[in-house]
Amino acid sequence: MLLLSSRAPPEPDFSTSLLLLTLPSSNPKTLLPSLPMRASHFSSLLFLRSLALTHRRHASCFSHRFVRPISTSPLFCVTMPRQFPSVSSSSTFVEHLENEPTEEEDGGGFGSFPESDPFDSEEKFSSVDMKHLSAPVLEMKELDELPEQWRRSKLAWLCKELPAHKTGTLVRILNAQKKWLTQEDTTYLAVHCMRIRENETGFKVYKWMMQQHWYRFDFALATKLADYMGKERKFSKCREIFDDIIKQGRVPSESTFHILVVAYLSAPVQGCLEEACSIYNRMIQLGGYQPRLGLHNSLFKSIVNKPGSSAKHYLKQAEFIFHNLVTTGFEVHKDIYAGLIWLHSYQDTIDKERITALRKEMHQAGIEEGREVLVSILRACSKDGDVEEAEKTWSKVLNLGGAIPSQAFVYMMEIYGNIGDPTESLNIFREMKEHLGSNNVAPYHKIIEILCKAQEIELAESLMTEFMGSGLKPVVPSFIYIMNMYYNLGFHDKVELAFTQCLERCQPSCTVYSIYLDSLVKVGNLGKAEEIFCEMQNDVAIGVNARSCNTILCGYLSSGDHVKAEKIYDLMCQKKYDIESSLMEKIDFVLSLTRKNIKRPVSIKLSKEQREILVGLLLGGLQIDSDEDRKNHIIRFEFRENSGPHYLLKRHIHYLYHEWLHPSCQTNNGNEDVPYRFVTISHSYFGFYADQFWPKGRRTIPNLIHRWLSPCVLAYWYMYGGHRTSSGDIVLKLKGNEDGVEKVIKSLKARSLECRVKRKGSVYWIGFLGSNSTWFWKLVEPYILEDLKDSLRPGGETSSNTTTHQIEDTSFRSSCDSDENGSDFSDGGNI
């Protein structure tokens, strides 16, 4: 009986350990130069190994078998604090962890993490200590220990044959051997695949085994397979096995928790950080494990590498990590303190006591406050209004010498602006220009905002002229401040002038239009106001909101135009916009004159346009969640933050489905910041789409999809799940079963749209190459958003981003079957 354990003595690396499991008597130093990469290269090696085993079986039938020694270190052990060399104030997590085992040493092989303010560092950091993690021992019979010769032969044939086939063929082969295969046989097949680094095949064998009537849960096998899948960054498959272990009433091993957290952190996919935090918390609370120092630091670094507006929601998680570092006796690095203060400074309500306590702990540990910490203190003071502390901190920043971040100047301007001293804010702004030599956008926005609030007209206009002459962009926020100042002062002619200048220099904005609309209604110019409102309604890049609807409704009611007032009222009811209380009495009176029964709750249903758009978005990767009884369903809209087309599309979709959105996702207060994720209410109306596209909670392609591929559907599929390559071709992403993809292809070809298909894992890429992309564009162009036509029109150059690079790697002249590279939001890719 051979015992396989991941707690064996240290080995050269992960690749060597797999080969050593296959050939126990080999020398790793001689094997490394000729390490094979594909299963097909193992055929001769397996043949020689089988001959060796046969010879050993006949030559020494009664020889003793030796068991590989197993480490007996306790599962729950307190790790002593590690000592690190002293580092400078500008060091980062990389320097703090430079003595930690590298990714090559521990077999992780994980990619780099994105870096952002304030903790910029190298492209990679090694914080994953994978050695000596507790894991169960897997006991399994070797092939030569099986008594039946025919069974040994068939298993040897399956070991050679299965890695060479894809899922469909592999399942058919296993089904053909179902009569004689047992739990022990399939366990050997799965382990053999892991030995030869065909972990994907091992996972498929494991999934097939789970569906058999004789299946018994094997904790050790599930743990080993989950660990291998996680090490290959296939976090979705690792998580699937992880959840299976919990469903069986077992607690996953420490290694599985650790590897799954790192796999999530290594994936540049939205939502993975939340999952990593969840697994980390369960590792401590459910498993009772003590994570390694590297895991604490990796998770904390991923949190602070997010933009401040996003990272502030992870404050409790960061505090939990800090608490675990302190209670387990680890040395807390200065970047942990700096990151925690940085997160506190971005909160809406500043916890001064907590920040003071953290600064005190830093001083007791002998850690000096660096520039990052001081800037965070200034940010907190600007929100809290603590002028005295801000001036002390500002003096420390000046005494540090070197380049002062422009953010520090902005926070000082804001502090003086909040106490009603715009002159001092202006002095800080001038001082910044002398110190830095040039300005960026943020200081101009802040000083213009301060001067406009103080109604310093001449200074604000002077700086606005200077700002526009500098060529810096965007200028829309400053135009909004200027127009609000003019409106509040009653200078409506200047409001119109500023509105005209804004349209000449920048993209249209709903807020800019709303201010101008308020001004027109205020002066009684309803004709121009109606024209502007219609322009807002017709331009998807602008749109209307609750504020603009209430404004035009007030104008119609004041002028006695009851017919148009009723139309606006119906629109607001349809969009579920709140009507201002001052208008309710007037609109009730108007409706009582023309309508017997006033029905405020309007029964909503999807229009033809909404239905077609929804089909296109579902083809592009939209997700539907259903309750346990599949009676009510939720549509989850998700858009990529690094995509220009998605930035414009999300606003259009948010406006188009506004009446269906959950109240927490609606923006009725005039706020233009439409989130990148929003969901609909739970409703039975979406049952048809759930049954067609997400039956049993799994994505599929409907049988009747060929009837629904209208030009509008194709257009929104392209805008949401498609891309234009650098060569000017058009590529659409599609995920589903092969039969459904074939129906889509046949339907496209029936419309004279020739295309080529490339499969990458579970994702299909449909490419329209050359002149075919032109024909596709002519079909969908009338339905493409006006502001997206230049970026999506075939034949031109496209901006570089992660998704474009991913598609460039997808050749339509070859085949590839990797797992996570082509998946969607909830899998392993960022499409």
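Per residue, how much accessible surface does region 608-792 expose to a 1.4 Å probe? Answer in Å², no decimals. Don't skip to the answer; put the middle values down first.
On the way: 7740 Å² over 185 residues.
That works out to 42 Å² for each residue.
In whole percent, and with a 1.4 Å probe on the protein chains, what portion of the accessible area of region 473-595 is carbon and sulfur?
Answer for region 473-595 is 50 percent, counting heavy atoms of protein chains only.
What do the square roots of 5 times the Cα gyration tensor eigenvalues come to for region 425-491, in whole Å, largest first, as semi-axes of the equivalent ellipsoid?
Values: eigenvalues 85, 34, 15 Å².
Semi-axis lengths for region 425-491 are 21, 13, 9 Å.
Where a Cα-Cα gap under 27 Å defines reach, which lysines qualify for LYS392, not counting those fewer than 8 residues away within the same chain?
LYS312, LYS334, LYS352, LYS360, LYS383, LYS433, LYS446, LYS453
Using the Karplus equation 6.51 cos²θ - 1.76 cosθ + 1.60 (θ = phi - 60°), what ³J(HN,Hα) coupling, rounded to whole Hz, does each residue of region 359-372 give in order, writing x for Gly and Pro?
5, 5, 4, 4, 5, 5, 7, x, 9, 7, 6, x, 4, 4
State the Kirkwood hydrodynamic radius of region 222-353 in Å, one decimal place, computed from all pairs of distinct Cα atoms.
Working: mean 1/r = 0.0651 Å⁻¹.
Result for region 222-353 stands at 15.4 Å.
Can you tell me the alpha carbon radius of gyration of region 473-595 divided by the globular rule-of-thumb value 2.2 N^0.38 Å? Before the final figure, lay out each step's value.
Numbers: Rg = 14.9 Å, N = 123, 2.2 N^0.38 = 13.7 Å.
Its radius of gyration relative to the 2.2 N^0.38 Å reference: 1.09.
No solvent, one uniform scatterer per C-alpha: report log10 I(q)/I(0) for region 286-372 via the Debye equation at q = 0.15, 0.17, 0.26 1/Å, two decimals.
So the normalised log intensities work out to -0.55, -0.71, -1.48.
How long are the three semi-axes of the equivalent ellipsoid of region 468-531, in whole Å, if each is the root of 5 times an eigenvalue of the C-alpha gyration tensor, listed from largest down?
Details: eigenvalues 89, 30, 16 Å².
Largest first, region 468-531 gives 21, 12, 9 Å.
Can you give the FRET efficiency to the nearest 0.05 for GLU609 and ASP493, using r as the Cβ-Cβ distance and R₀ = 51 Å?
Values: r = 39 Å, r/R0 = 0.77.
Between GLU609 and ASP493 the formula returns 0.80.
Simple spin-label model, 7 Å along Cα-to-Cβ: ASP627 to TYR215 in nm?
3.0
Classify region 136-213: rounded, prolate or oblate, from the alpha-carbon gyration tensor (a ≥ b ≥ c, eigenvalue square roots; a/c under 1.5 rounded; otherwise prolate if a/b is larger than b/c)? Working shown, then result.
Working: a/c = 1.37, a/b = 1.15, b/c = 1.18.
Rounded.
Quick one: what are the phi-derived ³J(HN,Hα) couplings along region 396-404, Karplus 6.51/-1.76/1.60 with θ = phi - 60°, whole Hz, x for glycine and proline?
5, 4, 5, 6, 5, x, x, 6, 8
Report the full-extension gain for the segment HIS363 to LYS749: residue separation times 0.36 nm, less the Cα-Cα distance, to one decimal in nm.
131.9 nm
Collect residues whose amide H, placed 1.01 Å from N in the peptide plane, falls under 5 Å from the amide H of LYS760; neighbours closer than 5 in sequence don't count.
Close amide H contacts, sequence-distant or interchain: TRP765.
Which whole number of Å³ per residue matches the convex hull of the alpha-carbon atoms in region 159-291? Show your work: numbers first, answer last.
Working: hull volume 14.5 nm³, N = 133.
Residue-normalised Cα hull volume stands at 109 Å³.
Could you work out how much longer the chain between GLN177 and THR423 gets when fully extended? Use 0.36 nm per residue separation minus the Cα distance between them, nm to one decimal. Don't skip to the end; give the middle numbers.
Values: separation 246, 0.36 × 246 = 88.56 nm, distance 8.48 nm.
Extra length available between GLN177 and THR423 comes to 80.1 nm.
Can you give me the % of accessible surface on region 608-792 that is carbon or sulfur? Probe 1.4 Å, all protein chains present, nothing else counted. Could you put the intermediate results ahead of the total?
Values: 3670 of 7740 Å².
The C+S portion of the solvent-accessible surface of region 608-792 is 47 percent.
Give me the one-decimal Kirkwood hydrodynamic radius in Å for region 331-417, with the sum taken over alpha-carbon pairs.
13.0
Where a Cα-Cα gap under 19 Å defines reach, which lysines qualify for LYS154, not counting those fewer than 8 residues away within the same chain?
Hits, sequence-local ones excluded: LYS141, LYS178, LYS179, LYS204.
Could you tell me which of TRP214, THR187, ILE173 has its Cα farthest along the dipole of region 148-241 towards the positive end, charges placed at Cβ (Lys, Arg +1; Asp, Glu -1), taken about the Cα centre?
Positive-end residue among those listed: ILE173.
Over region 473-595, give the accessible area per residue in Å² for a 1.4 Å probe, as an integer. It would help to have the intermediate numbers written out before the result.
Details: 5650 Å² over 123 residues.
Accessible area per residue, region 473-595: 46 Å².
Expressed as cubic angstrom per residue, what is the convex hull volume of the alpha carbon set of region 608-792? All intermediate terms of the calculation are to be shown ahead of the outcome.
Values: hull volume 22.8 nm³, N = 185.
Convex hull of Cα atoms, per residue: 123 Å³.
Looking at region 473-595, how many pairs of lysines come closer than 17 Å at the Cα, when each pair is eight or more places apart or spans two chains?
Working: LYS494/LYS522; LYS494/LYS528; LYS528/LYS564; LYS564/LYS575; LYS564/LYS586; LYS567/LYS575; LYS567/LYS576; LYS567/LYS586.
Summing the qualifying lysine pairs gives 8.
The values are calculated or read from the model by the stated rules, or taken from the named source; none is laboratory data. A quick note: this is a predicted structure, and the numbers were derived from the prediction, not measured. When we count neighbours, we look across all protein chains shown, and the Cβ atoms used for this are built from the backbone with ideal geometry, even at glycine. For the accessible areas, the whole protein counts, side chains as well, though only heavy atoms, and no ligand, DNA or RNA atoms are used. Shrake-Rupley method; radii C 1.70, N 1.55, O 1.52, S 1.80 Å.
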